[in-house]
1. Report the Cα-based extents of region 63-151 along its three principal axes, largest first, to the nearest Å.
2. Work out the FRET efficiency for residue 293 and residue 109 from their Cβ-Cβ distance, taking R0 = 45 Å, and round it to the nearest 0.05.
3. Taking the beta-carbon count within 10 Å as an exposure proxy, list 321, 134, 279 from fewest neighbours to most.
4. Please arrange 218, 254 by counting, for each residue, the other beta carbons lying within 10 Å of its beta carbon, fewest first.
5. Arrange 55, 111 by Cβ neighbour counts within 10 Å, fewest through most, would you?
6. Can you give the extra length, in nm with one decimal, that the chain gains between residue 230 and residue 188 once fully stretched, where that is 0.36 nm per residue apart less the Cα-Cα distance?
7. When all C-alpha to C-alpha distances in region 139-318 are sorted into bins of 10 Å, what percent of pairs does each bin hold, rounded to whole numbers?
C-alpha cells in the first residue's frame, strides 16, 4: 500500500510551534465531546495516556478548531508516525499513540461526526521481538524477596502478604492496591480474589496457600479482617500504633518493593512492580501452565500480550554455549 502523504488543508508545516491552550483543547468537545470518549475509557492509566497522546497529535497537526478534526487524513497520521519514529520512540509506544487517535476517530465515526477513521490502514510499527522488556526475577531472587520482610511487626506481616499476593497471583499494580478485605472469598470450596481489571472486567483468581497464610497472619495483627468493604492493604503508622483506614498507594507499594529488593541484594535493571507480575507469569509458563489459562489469569484481552511473558525459548542454561566441551 502506498503511504505517501498527500497535501491537504490541514498542514503540519508549523506544528512544532503550535501548542494548544487548555481552553482550545477543551473546545474539541464540540465534535462531539472528547471527554465523552475519554470517560468511556475505564482504566485511569490508559485514560491519562490516551489524553496525552491526543494532545500531542493535536499539537503536531496544529488543530485549533473542532471542525479541523474532519480534515485529518491518513497522510497526517503517517506524517505523525514518521515524526514519532524520528524521535526514537519505542514501537510499542508508537502503537499505543496510534491506537489512542484511532480510538477517538472510531468514537467520532459512531457519532456521525466524521466520515471515516484516518488511522485505519496505516501500518503500525512491528514489535522489537517476541519477548517483553519488563524484567522477571529468577526463582532464587523471588524466594529472597518473599523472605526479605523479617520480624513480627505489623509492617513486616503486611509486606510479606503483599509480596506473596504479587508473586503468586500476577496482579497489576492498581489491582493489588484496590483489593478490599471482601475481595477474598470462597468459590466452590476454594478461596479466590475478586479482581477488578482493565476495561471494568472482573476475574476470579484462586488464592495460593502461601499468600492466604500471609494474609491471615497480617489481618489477625491488623484487626480489620471483618471490615469487608475496607482496603485490604493499609499504610502502617509505625510498628505500635496500628493502621490508617485507607488503601496503600501504588507509589507506596513500589517504594516498599525497592527497599526489600535492596535488602535481599537483588540488582535488576528496570525493576518495577510490573516486574513482579512478569515474574509470576514467567514462572507459571516455565512450569508448563497452559498459555490460554495464563492469559485468563493475567486478564489479558489478547493472547499475543501473554506471549511476551513466555521466555521458555530464551533460557540461558539451554544455550548451546553450555553444550560446548573440549
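Each reported figure results from applying straightforward, stated rules to the coordinates on display, with no laboratory input. Here the structure is a predicted model, which means the values were calculated and not measured. Note that we place each Cβ from the backbone using ideal geometry, even for glycine, and neighbour counts take in every protein chain shown.
1. Principal extents (Cα only, largest first): 63, 29, 23 Å.
2. 0.80
3. Result, fewest neighbours first: 321, 134, 279.
4. 254, 218
5. On the way: 55 16, 111 13.
Ranking 55, 111 by Cβ neighbours within 10 Å, fewest first, gives 111, 55.
6. 12.7 nm
7. 9, 38, 37, 14, 2, 0
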